[in-house]
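Computed from the coordinates by the stated procedures, all read-outs in this text should not be read as laboratory data. Everything quoted here is computed from the prediction, not taken from an experiment. Please note: Cβ atoms are built from the backbone with ideal geometry, for glycine as well, and neighbour counts cover all protein chains shown.
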Amino acid sequence: MPPRSLAAFLKAARAALNTPAARRPSPLTIVVGNESADLDSLCSAVLAAYFRSHTPQHNAADTLHIPLSNLRREDLKLRPELAAALSSTSSSKQTSDAPGISLDSLITLSDLPEDLTAADTRWLLVDHNALTGELARRFSSSVIGCIDHHVDEGSVPLPDASKGFGPRVIEKAGSCASLVINEFSASTAMAADTADMTALKYIWSRLAAEEPDVETDRTLARLTLAPILIDTSNLKSPSKTVDIDRQSTSLAEAVLGVTAGGNAPLFPYDKDPEYERTVFFEELSRLKDDISKLSYNDILRKDYKQWHEEPSTATSGQTPLALGMSTVVQGFDYLLNEIGDNETLFEELRAFAKHRDLDIAAIMTVQTDKKAGFGRQLLIWAFNERATRAMRIFVGTNTERLQLAPWGDGKLDKGIATEPNEWRACWTQGSLEYSRKQLAPYLREAMRSS
Ligand SMILES: [Mn+2]
């Protein structure tokens with residue numbers, strides 16, 4: 001079995017990936033999150049790879065699963081909240097020799113060998129269920145399973161033990177990390193009998209009993225709690241939080257010695273004096289929402305996803321339309337007052353889109369400011385005629401559903417009159433319950449039907 005220590009596990013995974021092709025174990029099993037590389041995706045990949053590598057029933061020769069962070073190495077620094085989640089102690093006390101894992105120890109797209117092919121690999125997707133971008137072009141044919149909470153795109157094969165396919169879990173949950181913990185760290189007996197928290201029912205607690213490693217387990221617990229708390233607003237968002245989020249939280253908190261309602265302790269560890277749920281949540285939120293030191297370009301790529309869709313009217317030889325969507329944790333008022341001005345924003349957004357060959361660039365803001373309250377805004381920029389046609393369909397179909405109203409008296413908008421091939425508009429989105437999970441499919445649908 002791979003090393004018990006998380007630091008040593010990550011080193012072993014990196015070493016397996018870096019082994020020259022001739023001596024590389026084949027196939028390598030890689031676990032990857034989605035290309036926004038948000039806290040949920042990054043933590044879910046590490047958790048799934050770690051627990052799957054330490055689950056005896058997966059007795060294939062290649063028990064080592066490699067967690068791949070779906071971003072370039074230079075983008076790790078845009079995620080200070082991830083550094084806090086990787087630490088096994090509270091971030092206010094972090095020093096260079098603090099326990100836990102450093103950001104540098106994660107394996108990123110920059111570490112993926114160029115000669116790696118689909119035949120050399122098997123891919124387990126977490127927090128998405130269809131590979132995107134360059135990974136899709138290279139490895140789509142080798143996807144074996146997924147654990148996800150997005151709309152099923154139908155591209156992951158059905159479980160089939162004879163082919164090594166599975167698991168295939170697509171369920172509603174606030175955070176994908178909750179599903180990962182439910183799938184891999186707890187046996188199926190747990191779901192049937194959650195009240196009976198006896199140690200042997202849990203893969204994680206059995207691991208802790210057989211080979212205690214308080215530092216590793218505290219880090220794994222924080223990696224579990226961080227995305228769940230962020231994605232469910234500290235378990236307080238009624239529309240997002242489900243039972244699996246609460247169960248996975250209880251299990252991770254049991255590792256930290258937080259026991260609920262007189263249950264016998266499941267883990268052989270003292271209570272972690274550094275952990276308090278709300279303090280941890282607030283610290284993560286503060287780090288995640290602090291974009292004050294970033295440039296527009298940093299902000300646009302911090303939480304970014306891209307899709308390609310073929311319009312129904314496309315003639316042969318026409319390329320699919322490319323949509324890039326950046327999610328930003330502050331509203332346009334903040335972006336235009338604290339980071340730069342309209343001109344700079346548009347310059348950098350245009351360059352950002354050009355660099356990625358986008359036909360459409362979208363910015364969705366989610367502002368959770370305590371003073372201004374919760375709010376969403378949406379900016380769409382179509383860079384050519386086909387894109388403009390598609391986005392007009394989107395507006396026609398969705399203005400009412402999303403309650404789109406012009407933002408800032410339309411000062412960011414650009415009508416068809418000023419630039420014949422381009423179109424741009426910015427709205428306040430009145431229907432707050434629609435997040436990127438719903439919005440992106442509406443945009444993609446409009447692209448297909450144009
Ligand atoms: Mn997610």
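For this structure, a couple of remarks:
- Degrees separating the helix 6-18 axis from the principal Cα axis of the chain, which is the longest one: 60
- Computed helical MRE - 222 nm, the chain, DSSP H runs ≥ 4 contributing -39500 (n - 2.57), nearest 500: -10500 deg cm²/dmol
- Cut-off under 5 Å, modelled amide H: who pairs with residue 108 long-range: 69
- Simple spin-label estimate for residue 279 and residue 400 in nanometres, 7 Å along Cα-Cβ: 5.2
- For residue 15 and residue 63, the difference between the fully extended length at 0.36 nm per residue and the C-alpha to C-alpha distance is 15.8 nm.
- Computed from the Kirkwood radius of its Cα pairs, the Stokes-Einstein diffusion coefficient for the chain at 10 °C and 1.306 mPa s stands at 69 µm²/s.
- Gain on full extension, evaluated as 0.36 nm per residue between residue 346 and residue 26 minus their Cα-Cα distance, stands at 110.5 nm.
- Ranked packing of 5-15, 123-133, most packed first, by mean Cβ within 10 Å: 123-133, 5-15
- Loop chymotrypsin sites (Phe, Trp or Tyr not before Pro), the stretch 250-327 (other Cβ atoms within 10 Å of the site Cβ: 12 or fewer; DSSP): none
- Here residue 77 is the anchor, and the lysines within straight C-alpha reach of less than 17 Å, apart from those fewer than 8 places off in the same chain, are 288, 293, 302.
- Rounded tilt (10° steps) of 277-289 against the dominant C-alpha axis of the chain: 40
- Euclidean distance of C-alpha centroids, the stretch 26-40 and the stretch 209-256, integer Å: 20
- C-alpha center-to-center spacing [the stretch 348-380, the stretch 141-166] in angstrom: 31
- Overall form of the stretch 106-175: oblate. Here a/c, set by the Cα gyration tensor axes a ≥ b ≥ c, is 1.5 or more, and a/b is not larger than b/c.
- Once the Cα atoms are used to define both axes, helix 214-231 deviates from the longest principal axis of the chain by about 30 degrees.
- Proximal charge balance of residue 224 [Cβ under 14 Å; K/R count +1, D/E count -1]: -4
- Rounded to the nearest 5, the antiparallel percentage of DSSP beta bridges internal to the chain is 55%.
- Residue 77-residue 355 FRET efficiency (beta carbon distance; Förster radius 22 Å; 0.05 resolution): 0.70
- The protection proxy used here, the mean number of other Cβ atoms lying within 10 Å of each residue, ranks peptides 394-405, 65-76 as follows, highest first: 65-76, 394-405.
- Built amide H within the under 5 Å cut-off of residue 146, gap 5+: 125, 168, 169
- Placed amide H near residue 87: partners under 5 Å, 5+ positions off or other chain: 101
- Ordering of 36-42, 155-161 by packing [mean C-beta count within 10 Å, highest first]: 36-42, 155-161
- Cross-link pairs exceeding 27 Å between alpha carbons, from the set 163/305; 236/437; 11/305: 163/305; 11/305.
- Calculated from backbone phi, Karplus (6.51, -1.76, 1.60) coupling profile of the stretch 30-41 in Hz, x at Gly/Pro: 10, 10, 9, x, 7, 6, 5, 6, 7, 4, 4, 5
- DSSP-defined beta bridges in the stretch 292-449 - what % are antiparallel, rounded to 5: 80
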